[in-house]
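Please treat every number below as a calculation from the coordinates, not as lab data. Because the structure is a prediction, the values reported are computed rather than measured. Don't worry about glycine lacking a Cβ; one is built from the backbone with ideal geometry, like all the others, and counts go over all protein chains shown.
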Amino acid sequence: MPVPDGAVLSRRAEIVTALRRIVPGEGVIDSEEERRVYESDGLTAYRTLPMVVVLPETVDQVRRVMRYCSEHGIKLVPRGAGTSLSGGALPLADGVLLGMGKFKRILEIDIANRCAVVQPGVTNLAITHAVQDQGFYYAPDPSSQIACTIGGNVGENSGGVHCLKYGLTTNNVIGIEMITIDGEVVRLGGKHFDAAGYDLLGVMVGSEGLLGVVTEVTVRLLPKPPGARALLIGFPSVVGAGECVAAIIAAGIIPGGMEMMDKLAVQAAEAFVHAGYPLDAEALLIVELDGCEAEIDHLVAAVEDIAGQHGATSCRVSQNEAERLNFWAGRKAAFPAVGRLSPDYYCMDGTIPRRRLGDVLARMKQMEGQYKLRVANVFHAGDGNLHPLIMYDANQPGELERAEEFGNDILRLCVEVGGVLTGEHGVGVEKRDLMGTMFDDTDLEQQQRLKCAFDPDSLLNPGKVFPQLCRCAELGRVHVHAGQTRFPELPRF
Ligand SMILES: Cc1cc2nc3c(=O)[nH]c(=O)nc-3n(C[C@H](O)[C@H](O)[C@H](O)COP(=O)(O)OP(=O)(O)OC[C@H]3O[C@@H](n4cnc5c(N)ncnc54)[C@H](O)[C@@H]3O)c2cc1C
């Protein structure tokens, strides 16, 4: 991370007083014990105590805090619920952590225009809860949806089980209000489709808190499909299951969701939630087919047929809504279930072409032996989005470093087979130093030009996404020659 600025730290008391004038009462958190709560996000391997935490309640307060930071050269990290798995909301020791948790009102439900206008601190699931009585829902459904906020979803362009058919956050957010670092309120998009000019809304979704702070989100609402059934399909090998996924899509079928779990993940989930998973399967596919009953009947038969051709050893179709939800319960609880197998796990997030699933999973198996760490695989198979969970024990010296290096190798493999570094968790600090495996210097410079257009002094969430010192440190690998690094005067991260 960037070296904390001593000059800013020496002005801490003055900064806290100024922020208290903008956000009075309990909105500025200064004591060490209370700041400690915010020292990390979902990537708990990294921790930094923020200089100060600010919890504004109004757009005007956000605007004034940002303008103050801009005028005084103070860094600022936006935070929703802090569930990011890539360290996107990791605080800075010399920065303000701007928690948007108090922005939790649903401002408008507009069924006629099939959209809702919500504040950024509203949780993902709360949107569906607010509209489900009217037969609607908000489609992107990260497994963290009971906790994560829509502002964080915009930050990370989050996905979930149903994004294969219904799109990611970027396909379901149609407007935002945001504040730039100098305190200007900007509206992008709205209830209408296709805003005029450049697609700045597309730029903001997935910008990881680097370009502005989102203060309002207009989301698309979809009518709930009339019916849905889920299939649990067991395979004797991950390769067979991977090929079946590719064949289903190649046949022109886009399931509502298509998820894969390997044996270790199946066993962990079954022991945790008793979803009725086949414990003898090496790989399990959960395929959800939605639509009207006749359409579902047709699709179920087609998927059963394709699964049979790819060596499926078992296939169960949910017989009612309770059973369908139970099939999903195991998948949705797979992360905490794996958490019961190991003191710590490191969740990776790379995306590969679907056709390479079997191949990549086999290579990962070999790496398990090399790194002497176990991996449970749970992933959005339809999108080719992998979530290997590398199990380690942070109390064993060197295991975290081994897990990180293992994770880096998995991501390099994803890029090597034609994939990308992240499917939905973002780059954050976690994948920052791997950006060079996917982008060359010109790409990275162009991306940073865009950042500069929004935030010329790099005060918003610095240290995330873009490799630090990328030229002299060769993307995280410092060249040491005869015991000397080049450019010894430069601070190293
Ligand atoms: C158990 C578990 C399961 C998960 N499953 C999934 C999954 O299935 N799919 C998935 O995509 N992710 C998943 N995640 C990751 C995480 O939940 C998502 O990335 C989520 O969108 C983060 O939301 P948040 O409110 O916690 O944001 P935070 O973690 O607080 O922040 C995330 C990023 O958004 C920025 N940000 C937050 N609020 C704002 C704002 N108002 N304006 C501008 N920038 C902002 C932050 O600076 C940061 O860069 C999972 C996490 C956990 C712990």
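Per DSSP helix of 4 or more residues, -39500 (n - 2.57); summed, then divided by the residues of the chain. What does that give at 222 nm, rounded to the nearest 500? Display every interim value, and only then the final one.
On the way: 18 runs with 173 residues, N = 493.
The helix-only estimate for the chain comes to -10000 deg cm²/dmol at 222 nm.
Between the helical axis of 12-22 and the dominant principal axis of the chain, each derived from Cα atoms, what acute angle in degrees is found, rounded to the nearest 10?
Computed tilt is about 70 degrees.
Please give the net charge around A381, taking every other residue with its beta carbon less than 10 angstrom from that of A381, where Lys and Arg add +1 and Asp and Glu add -1. It would help to have the intermediate numbers written out before the result.
Values: positive: R354; negative: E259, D383.
My count for the surroundings of A381 gives -1.
With bins 20 Å wide starting at 0, give me the P(r) of the chain over every alpha carbon pair, in whole percents.
Calculated P(r), rounded to whole percents: 23, 55, 22, 1.
How high is the FRET efficiency between V415 and Q446 when r is their beta carbon distance and R₀ equals 22 Å, given to the nearest 0.05? Each step should come with its number before you reach the end.
Numbers: r = 19 Å, r/R0 = 0.85.
With a Förster radius of 22 Å, E is 0.75.
Hey, what angle do you get for helix 321-332 against the long axis of the chain, alpha-carbon based, 0 to 90 degrees rounded to 10?
With rounding to tens, the tilt is 50 degrees.
Hey, if you put +1 on the Cβ of every Lys and Arg and -1 on every Asp and Glu Cβ in the range 106-223, which of H192, V214, P120 ends up farthest toward the positive end of that dipole?
Sorting the options by dipole projection puts first H192.
Given contacts defined as C-alpha pairs under 8 Å and at least six residues apart, what's the relative contact order of the range 257-320, whole-number percent? Walk me through the numbers before you get to the answer.
Working: 46 pairs, mean separation 19.5, N = 64.
Relative contact order, the range 257-320: 30 percent.
Once you put a point 7 Å from the Cα of A394 and another 7 Å from the Cα of R36, both along the Cβ direction, what distance in nm separates them?
According to this spin-label approximation, the distance is 1.4 nm.
What percent do you get for the relative contact order of the chain when only Cα pairs under 8 Å and 6+ apart count? Spell out each step's value before the answer.
Values: 1046 pairs, mean separation 69.4, N = 493.
Relative contact order for the chain comes out at 14 percent.
I'd like the Karplus ³J(HN,Hα) series for the range 155-171: coefficients 6.51, -1.76, 1.60, θ = phi - 60°, whole numbers in Hz, and an x wherever there's a Gly or Pro.
Karplus-based 3J(HN,Hα) across the range 155-171 equals x, 9, 6, 5, x, x, 4, 8, 6, 4, 8, 10, x, 7, 3, 4, 8 Hz.
Contour minus end-to-end for K191 and E108, with contour as 0.36 nm per residue of separation and end-to-end as the Cα-Cα distance?
Details: separation 83, 0.36 × 83 = 29.88 nm, distance 1.14 nm.
Here the answer is 28.7 nm.
What is the calculated FRET efficiency for E26 to A294, with r their C-beta to C-beta distance and R₀ = 60 Å, to the nearest 0.05? Walk me through the numbers on the way to the answer.
Values: r = 57 Å, r/R0 = 0.95.
It comes to 0.60.
Under 15 Å between alpha carbons, and skipping anything fewer than 8 positions from K263 in its own chain: which aspartates and glutamates qualify?
Cα-Cα hits under 15 Å: D280, E282, E368.
Reachable lysines from K464, Cα under 18 Å, same-chain residues fewer than 8 places away excluded?
K75, K431, K451
Check the straight Cα-Cα distances from K224 and name the lysines below 25 Å, setting aside those fewer than 8 residues away within the same chain.
Filter leaves K104, K165, K191, K332.
Once you have all Cα-Cα distances for the range 52-98, histogram them in 5 Å bins from zero and send the whole-percent values.
Going from the shortest bin to the longest, the percentages are 5, 22, 29, 25, 14, 6, 0.
Fewest to most neighbouring Cβ within 10 Å: what's the order for I306, I390, I286?
The most exposed by this proxy come first: I306, I286, I390.
Relative contact order, percent, of the range 226-430 when contacts are C-alpha pairs under 8 Å separated by at least 6 residues?
Values: 404 pairs, mean separation 55.1, N = 205.
Result for the range 226-430 is 27 percent.
Using just the alpha carbons, could you tell me how many Å³ per residue the convex hull of the range 6-99 encloses?
On the way: hull volume 8.6 nm³, N = 94.
Value for the range 6-99: 91 Å³ per residue.
Taking the Cα centre as origin and putting +1 on Lys and Arg beta-carbons and -1 on Asp and Glu beta-carbons, what dipole magnitude results for the chain, to the nearest 20 debye? Provide the component values of the computation, followed by the final result.
Numbers: 46 positive and 63 negative charges, 105 e Å.
My answer is approximately 500 debye.
Looking at the range 100-167, which trypsin sites (Lys or Arg not before Pro) are DSSP coil and have at most 14 other C-beta atoms within 10 Å of their C-beta? Before the final figure, lay out each step's value.
Values: sites: K102, K104, R105, R114, K165; in loops: K102, K104, R105, R114.
Loop-located and lightly packed - R105.
Give the peptides 73-86, 33-46 in descending order of average Cβ contacts within 10 Å, highest first.
73-86, 33-46
What list of ³J(HN,Hα) values in whole Hz, one per residue of the range 438-449 in order, does the Karplus curve 6.51 cos²θ - 1.76 cosθ + 1.60 (θ = phi - 60°) give from phi, with Gly and Pro shown as x?
Those phi angles translate into 10, 10, 8, 4, 5, 4, 5, 5, 5, 5, 6, 5 Hz.
Using the Karplus curve 6.51 cos²θ - 1.76 cosθ + 1.60 with θ = phi - 60°, what ³J(HN,Hα) values do you get for each residue of the range 395-402, in whole Hz, with x for Gly and Pro?
Those phi angles translate into 7, 8, x, x, 5, 4, 4, 5 Hz.
What does the convex hull of the alpha-carbon atoms of the range 106-223 project to on average, in nm²? Intermediate results must be reported in sequence, preceding the final value.
Numbers: hull surface 27.6 nm².
Mean projected area of the Cα convex hull: 6.9 nm².
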